[in-house]
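For reference, the structure discussed in these notes is given below.
Quick note: the coordinates plus some simple rules give every number you see, no bench work behind them. Everything numeric here is computed off the predicted structure, so don't read it as measured data. We place every Cβ from the backbone using ideal geometry, glycine too, and count neighbours over all the protein chains shown.
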Amino acid sequence: MTTAGNAKDRVLIFDTTLRDGEQCPGATMTFEEKLEVADVLDAMGVDIIEAGFPIASDGDFEAVSEIARRIKRATVAGLARAISIDIARAGEAVRHAVKPRIHTFVSTSPIHLAHQMRKTEDEVIEIITKTVTQARNLVEDVEWSAMDATRTPIDYLCRAVETAIKAGATTINLPDTVGYATPDEYRDMFRQIRERVPNADKAIFSVHCHNDLGLAVANSLAGIEGGARQVECTINGIGERAGNAALEEVVMALRVRGDVLPYDTGIDATMLTRASKAVATACSFPVQYNKAIVGRNAFAHESGIHQDGMLKHQQTYEIMTPASVGVTKTSLVMGKHSGRAAFRSKLKDMGYDLGDNQLEDAFTRFKALADRKKHVYDEDIEALVDENIASAHDRVKLVSLTVIAGTRGPQRATMKLDVDGRIVTEEAEGNGPVDAVFNAIKAVVPHEAVLELYQVHAVTEGTDAQAEVSVRLASEGGAAVTGRGADPDTLVSSAKAYLSALNKLIARGVRVHPQAAE
């Protein structure tokens with residue numbers, strides 16, 4: 001895939017945030033959130049967007065179908081098991097795409113064949129021929145994956161790959177499904193397959209690595225060195241268990257270390273931070289502070305030695321510029337005297353593009369925060385804007401909260417909520433102020449969800465810092481969602497986080513009984 005006049009091979013970026021990423025417990029996105037993320041991925045230059053698993057639910061089918069209709073540049077893929085009905089459903093979902101793809105997979109490792117599929121090797125070969133042929137009859141672009149490829153004997157893997165290509169697969173994906181491989185093993189597997197399979201030159205090979213041992217990105221880069229020219233990855237590295245290879249890390253590794261990794265992607269790296277924030281907001285999954293490329297501390301320096309070096313020359317401790325990934329180098333201090341124009345400019349620098357109504361709402365909240373804090377930092381603005389976007393369609397909203405707490409007790413919360421447009425007031429006691437707040441919410445919106453996580457951290461330094469609270473609720477059916485809230489008052493942010501998670505459960509059809517409905 002080397003282009004004329006360019007010594008570097010082109011590596012395709014296959015983003016599976018909307019499919020494999022969404023399978024991360026608690027990371028489910030709404031229909032609207034999926035469309036927003038898909039738009040960002042397309043604008044950023046992702047080559048293939050795996051939009052979902054159409055057979056999984058009607059909602060997933062509708063999301064894949066709508067993404068297929070609206071995306072005009074990237075290939076849109078739908079995932080399908082090696083089952084006829086799955087493939088037909090995926091074909092129907094992507095048929096309106098400018099560039100449709102069906103991605104079908106089947107297990108090949110002995111442990112999967114024996115305990116999950118309960119099929120022989122010969123039976124799986126027949127399944128590959130049948131299902132890949134069916135997919136190729138529906139679309140020209142077919143990807144086939146050997147699930148658990150890294151624990152599959154090389155001789156059988158060669159046979160399966162040859163069969164898939166012969167049946168019409170144009171992309172062959174050899175995933176490290178359980179994050180078991182090491183870089184040397186993964187590189188060698190691709191080299192052997194490409195050398196031993198007679199028709200290997202007729203397909204593009206792809207890597208798909210999980211991070212169970214923290215090797216997903218390293219393995220992905222090793223797979224490229226072994227001849228793969230497609231990388232399957234997710235924004236922020238979200239995904240099942242320990243997650244997938246992080247798109248932003250793969251892209252910047254290839255860019256920064258082009259001297260030893262002479263490969264190009266079509267990604268606009270200046271949009272990486274924006275994409276990271278979009279996914280974190282949609283999933284309510286905060287990005288860890290020290291996350292490579294897009295973490296809050298990725299370009300922060302506190303050590304005196306590091307600061308001294310940075311003042312003398314930026315490259316002493318930074319191997320890439322903040323601007324190269326869409327991060328502003330310095331933090332503009334915003335305060336109560338800042339106007340709308342300055343606020344809009346700040347949001348643009350931070351990667352936000354809000355509509356007029358969203359901007360007005362965010363500006364009003366910013367002014368209220370600025371009246372309560374001496375300094376408003378970038379992280380404060382990020383927290384309030386993300387919360388504003390996430391809560392735009394909530395059915396239950398916080399209007400006001402008063403809490404009585406202290407050593408004498410009992411702790412009591414008086415809360416006023418807007419439930420579907422109707423104001424409801426409730427008082428409740430609890431074993432501490434937070435418990436009282438949550439009991440008041442449950443009194444207004446009775447439910448059986450279980451609180452699995454309650455976590456508080458300060459967004460910035462100082463005693464007037466905003467408290468950012470994360471709450472995870474699990475329904476009786478096992479659905480788990482995470483909500484976040486930010487406010488200088490920890491109890492208010494706790495209420496916001498709890499309501500954020502509760503609204504997500506309501507949106508997913510979990511039965512609750514708001515008083516307003518009665």
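Principal-axis analysis of the Cα atoms of the chain puts helix 247-256 at an angle of about 70° to the longest axis.
Model label sites at Asp188 and Asp353, defined 7 Å from Cα along the beta-carbon direction, differ in position by 4.7 nm.
On the beta carbon distance between Thr270 and Arg408, with R0 = 51 Å, the FRET formula returns roughly 0.35.
Once both labels are positioned 7 Å from their Cα atoms along Cα-to-Cβ, the gap between Ser324 and Asp39 label points is 3.0 nm.
Within the same chain, lysines fewer than 8 places from Lys291 are excluded, and of the rest, those with a Cα less than 21 Å from its Cα are Lys277, Lys329. Each label was represented as a point 7 Å from its Cα along the Cα-to-Cβ direction; for Asn199 and Lys367 these points are 6.7 nm apart. Every Cα-Cα pair of the stretch 396-517 was included, and the share exceeding 26 Å stands at 16 percent.
Run the numbers on the chain and let me know its relative contact order in percent, using alpha-carbon pairs under 8 Å that are six or more apart. Don't skip to the end; give the middle numbers.
On the way: 1053 pairs, mean separation 51.6, N = 518.
The normalised contact order for the chain reaches 10 percent.
Between (i) 77, 51, 49; (ii) 77, 63, 40; (iii) 91, 49, 48, which entry matches Cα extents along the principal axes in Å as derived from the coordinates of this structure? Of the labelled values, this structure produces (ii). Legend: calculated FRET efficiency, Arg257 to Gln288, from the Cβ-Cβ distance at R0 = 22 Å, rounded to 0.05, equals 0.45.
Where in the stretch 390-421 is the amide nitrogen less than 18 Å from a point lying 7 Å along the Cα-to-Cβ axis of Ser57? Under 18 Å, as judged by backbone N against the label point of Ser57, lie 393-395 of the stretch 390-421. Compared with the dominant Cα axis of the chain, that is its longest principal axis, helix 216-225 is turned about 30°.
If a spin label sat at a point 7 angstrom from the Cα of His115 along the line to its beta carbon, the backbone N atoms of the stretch 161-194 nearer than 14 Å would be those of 178.
Take the cross-link list Lys367/Lys397; Lys346/Lys416; Lys367/Lys496; Lys346/Lys496; Lys34/Lys99 and give me the ones stretching past 22 Å between alpha-carbons. Walk me through the intermediate numbers first.
Details: Lys367/Lys397 20 Å; Lys346/Lys416 33 Å; Lys367/Lys496 19 Å; Lys346/Lys496 25 Å; Lys34/Lys99 19 Å.
Correct reply: Lys346/Lys416; Lys346/Lys496.
Here r is the Cβ-Cβ distance between Ala443 and Arg70 and R0 is 60 Å; the resulting FRET efficiency, rounded to 0.05, is 0.90. For the stretch 9-283, a Kirkwood radius taken over Cα pairs fed into Stokes-Einstein (25 °C, viscosity 0.890 mPa s) yields D = 135 µm²/s. Against the chain, whose longest principal axis comes from its Cα atoms, helix 84-94 is set at around 60 degrees.
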